[in-house]
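Trainee: I am attaching a structure below and will ask some questions about it afterwards.
The values are calculated or read from the model by the stated rules, or taken from the named source; none is laboratory data. Values in this document were obtained by computation on a predicted structure and should not be read as measured data. Reconstructed Cβ throughout: ideal geometry from the backbone, glycine too, with neighbour counts over all protein chains shown.
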Amino acid sequence: MSELPYLFVYGTLRTAGGTEWSRFLTAASRFVGSGRAHGALFHLDGYPGMTVCTDDDAWVTGEVCLLNDPSSALPFLDAYEGCGPSDPLPHGFERQVVTVFLDSGQAVDAWAYIYALETQGKARITSGDYLQAGPRGRPTRASLPS
(Lines give C-alpha, C1' and ligand atoms only; values in the text may rest on other atoms or scores of the structure.)
Protein backbone atom coordinates (compact mmCIF):
# COMPACT_ATOMS: atom_id res chain seq x y z
CA MET A 1 0.00 0.00 0.00
CA SER A 2 1.31 3.43 -0.90
CA GLU A 3 2.05 5.65 2.07
CA LEU A 4 -0.27 8.55 1.27
CA PRO A 5 0.39 11.08 4.06
CA TYR A 6 -3.19 12.29 4.66
CA LEU A 7 -5.76 10.59 6.87
CA PHE A 8 -9.49 11.45 7.09
CA VAL A 9 -11.01 10.65 10.49
CA TYR A 10 -14.71 10.89 11.26
CA GLY A 11 -15.27 9.26 14.65
CA THR A 12 -13.33 8.36 17.76
CA LEU A 13 -10.01 9.45 16.19
CA ARG A 14 -11.18 13.06 15.75
CA THR A 15 -9.49 15.63 17.97
CA ALA A 16 -12.65 16.17 20.03
CA GLY A 17 -13.07 12.40 20.40
CA GLY A 18 -11.05 12.62 23.60
CA THR A 19 -9.77 9.04 23.40
CA GLU A 20 -6.25 7.76 23.96
CA TRP A 21 -6.16 7.00 20.22
CA SER A 22 -7.23 10.52 19.25
CA ARG A 23 -4.38 11.78 21.44
CA PHE A 24 -2.00 9.32 19.72
CA LEU A 25 -3.08 10.68 16.33
CA THR A 26 -2.67 14.28 17.50
CA ALA A 27 0.93 13.50 18.50
CA ALA A 28 1.62 11.58 15.27
CA SER A 29 0.25 14.17 12.85
CA ARG A 30 -0.50 17.78 12.03
CA PHE A 31 -4.11 18.96 11.74
CA VAL A 32 -4.84 20.10 8.16
CA GLY A 33 -8.51 21.04 8.45
CA SER A 34 -12.11 20.00 8.83
CA GLY A 35 -13.97 18.73 5.82
CA ARG A 36 -16.33 16.16 4.43
CA ALA A 37 -16.30 13.19 2.08
CA HIS A 38 -19.06 11.46 0.16
CA GLY A 39 -20.40 8.59 2.21
CA ALA A 40 -22.94 7.37 4.70
CA LEU A 41 -22.31 7.06 8.43
CA PHE A 42 -23.72 4.37 10.71
CA HIS A 43 -23.80 3.73 14.47
CA LEU A 44 -22.05 0.44 15.16
CA ASP A 45 -21.20 -0.87 18.63
CA GLY A 46 -19.97 2.29 20.34
CA TYR A 47 -18.29 3.78 17.30
CA PRO A 48 -19.20 4.86 13.76
CA GLY A 49 -18.67 3.23 10.40
CA MET A 50 -18.45 5.09 7.11
CA THR A 51 -19.48 3.53 3.84
CA VAL A 52 -18.65 4.95 0.44
CA CYS A 53 -21.61 6.03 -1.65
CA THR A 54 -22.16 8.19 -4.69
CA ASP A 55 -25.30 9.94 -3.45
CA ASP A 56 -24.59 13.65 -3.98
CA ASP A 57 -26.44 14.49 -0.76
CA ALA A 58 -24.66 11.96 1.50
CA TRP A 59 -21.67 13.39 3.36
CA VAL A 60 -19.52 12.36 6.30
CA THR A 61 -17.98 15.13 8.41
CA GLY A 62 -14.49 14.75 9.79
CA GLU A 63 -10.94 16.02 9.93
CA VAL A 64 -7.88 15.60 7.75
CA CYS A 65 -4.48 15.24 9.32
CA LEU A 66 -1.05 15.00 7.78
CA LEU A 67 0.78 12.03 9.28
CA ASN A 68 4.33 12.81 10.39
CA ASP A 69 5.49 9.29 9.47
CA PRO A 70 2.79 7.32 7.63
CA SER A 71 4.84 4.11 7.44
CA SER A 72 5.09 4.12 11.24
CA ALA A 73 1.62 5.39 12.23
CA LEU A 74 -0.58 3.49 9.78
CA PRO A 75 0.21 -0.03 11.05
CA PHE A 76 -0.84 1.03 14.57
CA LEU A 77 -4.01 2.65 13.23
CA ASP A 78 -4.75 -0.43 11.09
CA ALA A 79 -4.53 -2.57 14.23
CA TYR A 80 -6.83 -0.16 16.10
CA GLU A 81 -9.36 -0.41 13.27
CA GLY A 82 -9.07 -4.20 13.19
CA CYS A 83 -7.63 -4.42 9.68
CA GLY A 84 -4.00 -5.15 10.41
CA PRO A 85 -2.26 -8.18 8.92
CA SER A 86 -2.73 -10.19 12.13
CA ASP A 87 -6.45 -9.39 12.46
CA PRO A 88 -8.87 -12.19 11.54
CA LEU A 89 -10.92 -11.99 8.36
CA PRO A 90 -13.33 -10.62 7.45
CA HIS A 91 -12.14 -7.19 8.52
CA GLY A 92 -14.84 -4.80 9.64
CA PHE A 93 -12.90 -1.90 8.19
CA GLU A 94 -10.66 -1.41 5.18
CA ARG A 95 -8.28 1.48 4.63
CA GLN A 96 -9.26 3.14 1.34
CA VAL A 97 -8.53 6.43 -0.40
CA VAL A 98 -11.35 8.99 -0.42
CA THR A 99 -11.51 12.55 -1.70
CA VAL A 100 -12.10 15.02 1.10
CA PHE A 101 -13.42 18.52 0.49
CA LEU A 102 -11.90 20.74 3.15
CA ASP A 103 -13.84 23.67 4.58
CA SER A 104 -11.13 25.88 3.03
CA GLY A 105 -12.28 24.77 -0.45
CA GLN A 106 -9.27 22.56 -1.16
CA ALA A 107 -9.78 18.90 -2.12
CA VAL A 108 -7.30 16.25 -0.92
CA ASP A 109 -7.06 12.50 -1.32
CA ALA A 110 -6.71 10.85 2.06
CA TRP A 111 -6.82 7.44 3.65
CA ALA A 112 -10.05 6.65 5.50
CA TYR A 113 -11.22 3.57 7.35
CA ILE A 114 -14.29 2.38 5.46
CA TYR A 115 -16.79 -0.02 7.03
CA ALA A 116 -16.77 -3.21 4.97
CA LEU A 117 -19.54 -5.29 6.53
CA GLU A 118 -23.33 -5.29 6.17
CA THR A 119 -25.11 -2.13 7.35
CA GLN A 120 -28.64 -3.54 7.34
CA GLY A 121 -30.10 -3.07 10.81
CA LYS A 122 -27.54 -0.40 11.72
CA ALA A 123 -28.83 3.08 12.57
CA ARG A 124 -27.74 5.69 10.05
CA ILE A 125 -26.34 8.98 11.33
CA THR A 126 -28.19 11.24 8.93
CA SER A 127 -26.24 14.37 9.89
CA GLY A 128 -23.02 12.63 8.84
CA ASP A 129 -21.35 13.94 12.00
CA TYR A 130 -20.59 11.31 14.64
CA LEU A 131 -19.57 13.77 17.33
CA GLN A 132 -22.81 15.71 16.85
CA ALA A 133 -24.72 12.42 17.13
CA GLY A 134 -23.09 11.56 20.46
CA PRO A 135 -19.91 9.47 20.66
CA ARG A 136 -19.84 6.53 23.04
CA GLY A 137 -16.19 5.45 23.05
CA ARG A 138 -14.70 2.41 21.40
CA PRO A 139 -13.43 -0.86 22.79
CA THR A 140 -10.15 -1.93 21.22
CA ARG A 141 -7.73 -4.83 21.23
CA ALA A 142 -4.86 -2.79 19.84
CA SER A 143 -2.15 -1.32 22.05
CA LEU A 144 -0.76 2.15 21.69
CA PRO A 145 2.87 2.30 20.60
CA SER A 146 5.34 2.86 23.42
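Trainee: Would you call residue 55 among the acidic types (Asp, Glu), surrounded by fewer than 21 Cβ atoms within 10 Å (Cβ to Cβ), touching a residue at least 24 places away in the same chain (Cβ under 8 Å) and over 18 Å from residue 132 (Cα atoms)?
Mentor: So residue 55 fails the test.
Trainee: Give the stretch 43-59 a look and list any residue that's touching a Phe, Trp or Tyr at 6+ places or on another chain (Cβ under 9 Å) and among the hydroxyl-bearing types (Ser, Thr, Tyr), or say none.
Mentor: If the condition is that a residue be touching a Phe, Trp or Tyr at 6+ places or on another chain (Cβ under 9 Å) and among the hydroxyl-bearing types (Ser, Thr, Tyr), then 47, 51 are the ones that fit.
Trainee: For residues in the stretch 90-99 being within 18 Å of residue 21 (Cβ to Cβ) and part of a loop (DSSP other than H, G, I, E, B), which is farthest from the chain's Cα centre (by Cα)?
Mentor: 91
Trainee: If the requirement is being β-branched (Val, Ile, Thr) and either in contact with a strand residue (DSSP E or B) (Cβ under 6 Å, 6 or more places away or on another chain) or in a helix (DSSP H, G or I) (or both), which of these qualifies: 119, 54?
Mentor: Just one listed residue meets the conditions, 119.
Trainee: Test each condition in (1) crowded, with 18+ Cβ neighbours inside 10 Å; (2) small (Gly, Ala, Ser); (3) over 13 Å from the mean Cα position of the chain (by Cα) for residue 62 and report the one that comes out false.
Mentor: With respect to (1) crowded, with 18+ Cβ neighbours inside 10 Å; (2) small (Gly, Ala, Ser); (3) over 13 Å from the mean Cα position of the chain (by Cα), residue 62 is out only on (3).
Trainee: Considering every residue within the stretch 52-59, establish whether at least one is within 11 Å of the chain's Cα centre (by Cα) and β-branched (Val, Ile, Thr).
Mentor: no
Trainee: Separate question: Please determine, by comparing only the residues of the stretch 65-118 that are under 16 Å from residue 10 (Cα atoms) and of a type in the set (Phe, Trp, Tyr), which one is surrounded by the most Cβ atoms within 10 Å (Cβ to Cβ).
Mentor: Per the criteria, the residue is 113.
Trainee: Another one. Filter the stretch 73-89 down to the residues that are touching a residue at least 24 places away in the same chain (Cβ under 8 Å) and either in a helix (DSSP H, G or I) or of a type in the set (Ser, Thr, Tyr) (or both) and list them by number.
Mentor: 73, 74, 76, 77, 79, 80
For every residue, the table says whether it meets (1) touching a helix residue (DSSP H, G or I) at 6+ places or on another chain (Cβ under 9 Å); (2) of a type in the set (Lys, Arg).
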| residue | (1), (2) |
| --- | --- |
| 48 | yes, no |
| 88 | no, no |
| 92 | no, no |
| 95 | yes, yes |
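Trainee: In the stretch 122-142, what count of residues is obtained for those that are modelled with pLDDT under 90 and either farther than 10 Å from residue 47 by Cα or surrounded by 18 or more Cβ atoms within 10 Å (Cβ to Cβ) (or both)?
Mentor: 8
Trainee: Across the stretch 1-50, what is the total count of residues that are touching a residue at least 12 places away in the same chain (Cβ under 8 Å), surrounded by fewer than 18 Cβ atoms within 10 Å (Cβ to Cβ), of a type in the set (Ser, Thr, Tyr) and not in a helix (DSSP H, G or I)?
Mentor: Qualifying residue count for the region: 1.
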